[in-house]
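Participant: A single structure is presented below for examination.
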Amino acid sequence: MAGFKVPTQEELDHDYLWRVHKVTPGKGEMVIFNRSHYEDVLVVRVHNLVPPEVWKKRFDQINQFERLLADTGTTILKFYLHIDQDEQKERLQARLDELTKR
């Protein structure tokens, strides 16, 4: 499993996909990403960390990155985890109640 939190200084010294690429699976391996390069489009938009001209380019860059992986033998499976409205409401309320997570 590979988890991605706030980038380290070493990660910030490289392009935003560097930290993801270095943990992609080798032949015969499997890696599950908990958060990933998609955060580099979502979070940066929500928190206004980079200008639109930066994050808009990342959509194509991510598609090209995944195409490179697929073209060189990596099978990519994406899962959408769905929770019901009551669970979502509970989770959102918990975030609102926690000052550091607002």
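Participant: Figure the gain on full extension for V31 and R95 (residue separation times 0.36 nm, minus the Cα-Cα span) and round it to one decimal in nm. Don't jump to the answer; show the numbers that get you there.
Facilitator: Values: separation 64, 0.36 × 64 = 23.04 nm, distance 2.86 nm.
Taking 0.36 nm per residue and subtracting the Cα distance, the gain is 20.2 nm.
Participant: Rounded to a whole number, what % of the accessible area of the chain do carbon and sulfur atoms account for, probe 1.4 Å?
Facilitator: Values: 4660 of 8680 Å².
Heavy-atom surface of the chain belonging to carbon and sulfur, 1.4 Å probe: 54 percent.
Participant: Leaving ligands, DNA and RNA out of it, work out the accessible area of I83 with a 1.4 Å probe and give it in Å² to the nearest 10.
Facilitator: Rounded to the nearest 10, the figure is 50 Å².
Participant: Using 1/(1 + (r/R0)^6) with R0 = 25 angstrom and r between the beta carbons of L81 and L12, what's the FRET efficiency to the nearest 0.05?
Facilitator: After rounding to 0.05, the efficiency reads 0.30.
Participant: Now for a different question. If the elastic network links every pair of Cα atoms under 10 Å, which of Y38, Y16, Y80 fluctuates the most in the Gaussian network model of the chain?
Facilitator: Y80
Participant: Turning to a different aspect of this structure: List the trypsin sites (Lys or Arg not before Pro) within segment 1-82 that DSSP assigns to loop and that have no more than 12 neighbouring Cβ atoms inside 10 Å.
Facilitator: Working: sites: K5, R19, K22, K27, R35, R45, K56, K57, R58, R67, K78; in loops: K5, K22, K27, R35, K78.
Passing sites in segment 1-82 are K5, K22, K27, K78.
Participant: Counting only GluC sites (Glu not before Pro) that are in a DSSP loop and have at most 15 other C-beta atoms within 10 Å, tell me the longest site-free stretch of the chain.
Facilitator: 30-97
Participant: Given a 1.4 Å probe, how much area per residue of the chain is accessible, in Å²?
Facilitator: Value for the chain: 85 Å² per residue.
Participant: On a 0 to 90 degree scale, rounded to 10, what angle separates helix 52-71 from the longest Cα axis of the chain?
Facilitator: It is inclined by approximately 50 degrees.
The values are calculated or read from the model by the stated rules, or taken from the named source; none is laboratory data. From a predicted model like this one, the values you see are computed outputs, not experimental measurements. Reconstructed Cβ throughout: ideal geometry from the backbone, glycine too, with neighbour counts over all protein chains shown. To get the accessible areas, we keep the full protein, side chains included, count just its heavy atoms, and leave off ligands, DNA and RNA. Shrake-Rupley method; radii C 1.70, N 1.55, O 1.52, S 1.80 Å.
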